[in-house]
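One structure is given below, encoded as structure tokens.
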Amino acid sequence: MSEQITVLLLPGWLGSGPGHWQTRWAQLHGDHLVQQHDWTTPLRGDWICELEAAVLNAAFPVLLGAHSLGCHLAAGWAGISRNAHRVKGALLVAPPDLTREDLPPALQSWQRYALQRVPFPTRLISSTDDPYCRPEATTRMALAWGSRHTEAGALRHINAESGLGDWPRGRDWLLELARA
């Protein structure tokens, strides 16, 4: 890729631990993990402000690599930011179904998540056995966000426990968005 890109990684609830593909990408590729003030009680507005600041501080056009609640952050931010044009694309990995009856209390403020088309190319990657999202809910989100949807097989929540290591296939999907 000849054009320089800033990759911003958007972890989900509780952040991404040392074995998570996002943490590994930050170490391996120099991507920027967008930090939040509170990982245990995520306030939607605070998280959106942190993403806005990260996009504004990026030296180059941005690619977003989002996991879990980070997917809802990306979609929600894109619907209200005047800076969404700075984003070339977003990889949305394993978004949880925020309409589930067993949604943890800490995530209740996220129940009214964005279900509008995202103004840049997105690719949603899902697992057939994600404990936090049934396939029909994933399909609903992909359609609403205008995402290309890829079912990656039985990978649970597509996190460190999935044993993906550096997840080169995911990295390829992310970089494809820069060329979209």
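The values are calculated or read from the model by the stated rules, or taken from the named source; none is laboratory data. All figures in this text were calculated on a predicted structure; none of them were measured in a lab. Glycine gets a Cβ as well: all are built from the backbone with ideal geometry, and neighbour counts include every protein chain shown. Note: areas computed on protein heavy atoms with side chains; ligands, DNA, RNA excluded. Shrake-Rupley method; radii C 1.70, N 1.55, O 1.52, S 1.80 Å.
Filter the trypsin sites (Lys or Arg not before Pro) in segment 1-82 down to the DSSP loop ones having no more than 11 other Cβ atoms within 10 Å, then list what survives. Don't jump to the answer; show the numbers that get you there.
Numbers: sites: 24, 44, 82; in loops: 82.
Sparse-neighbourhood loop trypsin sites (Lys or Arg not before Pro): 82.
Considering only the other residues whose Cβ falls under 11 Å of the Cβ of residue 180, what net charge follows from Lys and Arg at +1 and Asp and Glu at -1? Please list the in-between numbers first.
Details: positive: 88, 123, 148, 179; negative: 176.
After counting each charged neighbour, the total is +3.
Using a 1.4 Å probe, how large is the accessible area of residue 46, given in Å² and rounded to the nearest 10?
My reading of the accessible area for residue 46 is about 80 Å².
Would you calculate a helix-derived [θ] at 222 nm for the chain, using -39,500 (n - 2.57) for each DSSP H run of n ≥ 4 and dividing by the full residue count, to the nearest 500? Display every interim value, and only then the final one.
Details: 5 runs with 57 residues, N = 180.
Calculated from helices alone, the mean residue ellipticity at 222 nm is -9500 deg cm²/dmol.
Counting only GluC sites (Glu not before Pro) that are in a DSSP loop and have at most 12 other C-beta atoms within 10 Å, tell me the longest site-free stretch of the chain.
Working: sites that count: 3, 101.
By the stated rule (loop sites, at most 12 other Cβ atoms within 10 Å), 4-100.
If you put +1 on each Lys and Arg Cβ and -1 on each Asp and Glu Cβ, how big is the dipole of the chain around its Cα centre, in Debye rounded to 20?
Numbers: 16 positive and 17 negative charges, 104 e Å.
Rounded to the nearest 20 debye, it is 500 debye.
Taking the convex hull of the alpha carbon atoms in segment 1-83, what volume per residue do you get, in Å³? If you can, show how the numbers build up before the last one.
Details: hull volume 7.7 nm³, N = 83.
Hull volume over Cα atoms, normalised by residue count, gives 93 Å³.
Compute the relative contact order of segment 1-118 as a whole-number percentage, counting only Cα pairs closer than 8 Å that sit 6 or more residues apart in sequence. Can you show the working numbers first?
Details: 176 pairs, mean separation 34.3, N = 118.
Relative contact order, segment 1-118: 29 percent.
Using only the alpha-carbon atoms of the chain, report the extent along each of the three principal axes, biggest first, to the nearest angstrom.
45, 32, 30
Ignoring ligands and nucleic acids, what accessible area does residue 16 show with a 1.4 Å probe (Å², nearest 10)?
About 30 Å², rounded to the nearest 10.
For segment 1-147, what does the accessible surface come to per residue with a 1.4 Å probe? Please give it in Å². It would help to have the intermediate numbers written out before the result.
Details: 6510 Å² over 147 residues.
So segment 1-147 comes to 44 Å² accessible per residue, rounded to a whole number.
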